[in-house]
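Q: Take this structure first; my questions come after.
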Amino acid sequence: MANRKQGTPPLRRPQSDAYKVGYGKPPQDTRFKPGRSGNPKGRPKGARNKVPALNEERMKTIILDEAYRTITVTDGGRPLKVPMAQAVIRSLALSAAKGQQRSQRLFTELLQATEQANKALHDDYLQAVIEYKVSWEEELERRRHFGIVAPDPIPHPDDIVVNLKDGSIRFKGPLTQEDEVRWDKYCSRKRDCDHAIAELIAMLETETGEGMRRVLLDEIGYERRIRDIISKVIVD
């Protein structure tokens, strides 16, 4: 006998040719037609009434959807649209500011936990940057010692400035190959600015016409503004 799939009803042959209406036997004209869905419209969009799959964490999805759902709050007498999570924290902070001890304690705990998490992330990042810088400095020294010619790393360890007093990190060079192309372009433009400024100043020293002097001063000012903009990224 063929095995039957568990949970499926056994197939039974009709007892007689006459079809009788009764329990489990609806009238022929109201039965589902073969090849047609009994629910042609399907489940309404957004309905979630199925049991979650084993790898699905639906509650987390629901919580995140609600946390970042935009709502309207009143701020200074004006309506303001903010995420639900921000509205909750704002309400908690206002209650704490009004002197409610429970809100003060909870807000302080949240703030401390957030700052500690940020500090841990920064410390991990600082450690990774220091290890990168030290390891590449050793590798570049090894290359120089043995005369090995190879592309420099990006970012270059010389372009990474670590301040151990305050834990700050500053990059004074490109971080990716794409950045290196733009970096070289900006460096070239910065050198052009220096040459142009020097030439314009030399011309200004010998020029006596007021009109031409104004033109030269405008050009000098323009080149200096371009250089200042570049210098915000590429420090002298």
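Q: What's the number of the only condition in (1) in contact (Cβ under 8 Å) with a residue 40 or more places away in the chain; (2) outside the structural domain of residue 164 (by TED's automatic domain parsing); (3) not hydrophobic (A, V, I, L, M, F, W, C) that residue 125 fails to meet?
A: Status for residue 125: all satisfied but (2).
Q: Also, I was wondering about something else. Which residues, taken from segment 165-222, are outside any helix (DSSP H, G or I), surrounded by 12 or more Cβ atoms within 10 Å (Cβ to Cβ) and within 29 Å of the chain's Cα centre (by Cα)? Write out each step before concluding.
A: Going residue by residue through segment 165-222, those that are outside any helix (DSSP H, G or I) are 165-176, 207-209.
Those still in the list that are surrounded by 12 or more Cβ atoms within 10 Å (Cβ to Cβ) too: 167, 169, 171-175, 207.
Hits for segment 165-222 are 167, 169, 171, 172, 173, 174, 175.
Residues are listed down the side, and each one gets a yes or a no for (1) surrounded by 10 or more Cβ atoms within 10 Å (Cβ to Cβ); (2) of a type outside the set (S, T, N, Q); (3) in contact with a Leu (Cβ under 8 Å, 6 or more places away or on another chain):
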site	(1), (2), (3)
73	yes, yes, yes
79	no, yes, no
83	yes, yes, no
88	yes, yes, no
105	yes, yes, no
109	yes, yes, no
123	yes, yes, no
132	yes, yes, no
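Q: A further question follows. Of all residues in segment 128-161 being over 25 Å from the mean Cα position of the chain (by Cα) and in contact (Cβ under 8 Å) with a residue 24 or more places away in the chain, which is farthest from residue 175 (Cα to Cα)?
A: If we take residues in segment 128-161 being over 25 Å from the mean Cα position of the chain (by Cα) and in contact (Cβ under 8 Å) with a residue 24 or more places away in the chain, then 133 is farthest from residue 175 (Cα to Cα).
Q: Does residue 94 satisfy the criteria of being outside any loop (DSSP other than H, G, I, E, B) and without any contact (Cβ under 8 Å) to a residue 24 or more places away in the chain? Please lay out each step first, then the result.
A: Details: outside any loop (DSSP other than H, G, I, E, B): yes; without any contact (Cβ under 8 Å) to a residue 24 or more places away in the chain: yes.
Yes: the conditions hold for residue 94.
Q: Quick check on residue 181: is it at pLDDT 90 or above and not basic (Lys, Arg)?
A: It is false that residue 181 is at pLDDT 90 or above and not basic (Lys, Arg).
Q: Of all the residues that make up segment 191-236, how many are over 30 Å from residue 172 (Cα atoms) and of a type in the set (Lys, Arg)?
A: 2
The values are calculated or read from the model by the stated rules, or taken from the named source; none is laboratory data. Keep in mind that this is a model prediction, so the values were computed, not measured. Because the Cβ atoms are built from the backbone with ideal geometry, glycine has one as well, and the counts that use them run over all protein chains shown.
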